[in-house]
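Have a look at the structure below, then the notes.
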C-alpha cells in the first residue's frame, strides 16, 4: 500500500491507475448539418465532439429548460395553483392549450413547457414565480451566471427571439446537465405523454393531454429526455440526452435542418468515444487502532467498481477516508469509504467495513490496577 499518511483523524491514500479497460466500441466518424453542435459527457465535464460549440446563437424553445428548472425549484417549496393571465395566453407560437383564467398547478406548467413547449405556460410560470416575465428573466440570467454559463443571456422565458437572447451549444449542454439534477425535471422531460388537470374560469375542470415534441424518445436508443425549439431566426434547435451501457451523454444542435438524424449520429459517435474502466478492490486498505485500544481492518464492501469515461480521461484519483474512531466498531460496521475523483468531481465511492475486529483490553477495577502496579514496581508481576 503506497502513499499512506495520517491526516488528523483520517487515513488518506491517493493512487493513480489500478484500471482495467473493457473492450471499446470502434470509433465512428461524424458530420452534421447544424450551424453549431456539441456532444458532452457531464460526468467528466468533457466535450467529445464540437462544431462551432462556442458561437453565440439564438436557441428558441430550448430556453424552456432553464424556465422549467426554475419553476420546478419553486414548486418544490410550494406547488401552488396559478391563474393564467391574459398576457400569458397572448404569446405567439406554440401553445399547450391553456386559456386566460385557467387555474393550474405550478409543476403542471412545467409539464406544459417541456412536453408541449407551451409559450403561454412559460410566461404563466414566470409571472407566478417572480411577478413578471421581466423579473423572472433576471432570475434566469442570475442562474446562468451561477452555473458559469458566460456565453448565455436570456430576454424571454419562452424562447421567443430577443435582441440579446442567445447561448452556445456548449453552454446549452451544461445547462441541461445542471437542470437534470432536479428529479422532477428529469421525470417530465423523459415523459412521452402526460395528463394535467386544469380548472377553467367558469369552474369546469378539463384535462390537457400532452405529447412530448421530442421524437427521439421513441426513435433513439437510450433516449431519456430532450427539448425541441424553433423560430425563424434560430432555425431548428434540439437538446437530447441518452444513456447506454452506464454512460450518459448530452447532444445539442443549433440551427439544424436535419436535427433528428444528426442527434442519432452524434450519440453514436459520442458513445464510441467512451470506455468502461474497472477498479479492483480485493485487499484491506488499512489496519486501524481505535482510541480505546481495539483494532480492525478496513476492508472494501465490494470487490470492484466500474465507470464509463472518455477514452482520454482515465486519470482517476483514488482516495481512502477512514476516520479513527473513539470506540471499537463491531464486525461489519461501516467505518469509511474509498472515493474516486476525476479532476475535482467525485464520480463514485465504495464503503469500507470493519473486519477482523479485536476488542479493546478490559478495564480492571481500580484496586486491581493498583495491585498490578505495585507488583510490577516490586518486580513480582
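Every number in this text was worked out from the coordinates using simple rules, so none of it is lab data. Note that this is a predicted model, so its numbers are computed, not measured. Cβ atoms come from the backbone with ideal geometry, glycine included; neighbour counts cover every protein chain shown.
Side notes on the structure shown:
- On a per residue basis, the convex hull of the C-alpha atoms belonging to the range 24-92 measures out at 175 Å³.
- The label point for residue 346 and the one for residue 85, both projected 7 Å from the Cα toward the Cβ, are 4.3 nm apart.
- Here the ratio of the Cα radius of gyration of the range 24-178 to 2.2 N^0.38 Å is 1.11.
- Among 371, 147, 341, the largest mean-square fluctuation in a Gaussian network model of the chain (Cα springs under 10 Å) belongs to 371.
- FRET E, pair residue 209, residue 312, Förster distance 41 Å, beta-carbon r, rounded to 0.05: 0.35
- Burial ranking of peptide ranges 275-285, 169-179 (average Cβ count within 10 Å, highest at the top): 169-179, 275-285
- Scattering profile of the range 199-279 at q = 0.13, 0.18 Å⁻¹ [log10 I(q)/I(0), Debye over alpha-carbon scatterers]: -0.52, -0.76
- Ranked by the mean number of other Cβ atoms within 10 Å of their residues, highest first, the peptides 51-60, 296-305 come out as 51-60, 296-305.
- The order of the peptides 322-329, 42-49 by mean Cβ neighbours within 10 Å, most packed first, is 42-49, 322-329.
- Percent of C-alpha pairs per 5 Å bin, the range 56-109, short to long: 4, 17, 21, 26, 20, 8, 3, 1
- Relative to its residue count, the range 115-213 spans a Cα convex hull of 120 Å³ per residue.
- Difference of contour (0.36 nm per residue) and Cα-Cα distance, residue 31 to residue 56: 7.0 nm
- Both radii are taken from the alpha-carbon atoms of the chain; with Rh as the Kirkwood radius, Rg/Rh is 1.17.
- The range 63-144 shape via C-alpha gyration tensor axes, a/c threshold 1.5: rounded
- Rounded to the nearest 10 degrees, the inclination of helix 169-179 to the longest alpha-carbon principal axis of the chain is 60 degrees.
- Gain in span if fully extended, residue 326 to residue 134, counting 0.36 nm per residue against the direct Cα distance: 63.5 nm
- Using every pair of distinct Cα positions in the range 111-160, the Kirkwood expression returns a hydrodynamic radius of 11.1 angstrom.
- In degrees, nearest ten, helix 133-146 long axis to first principal axis of the chain (Cα): 40 degrees
- Extension gain from residue 219 to residue 339, taking 0.36 nm per residue of separation minus the Cα-Cα distance: 39.5 nm
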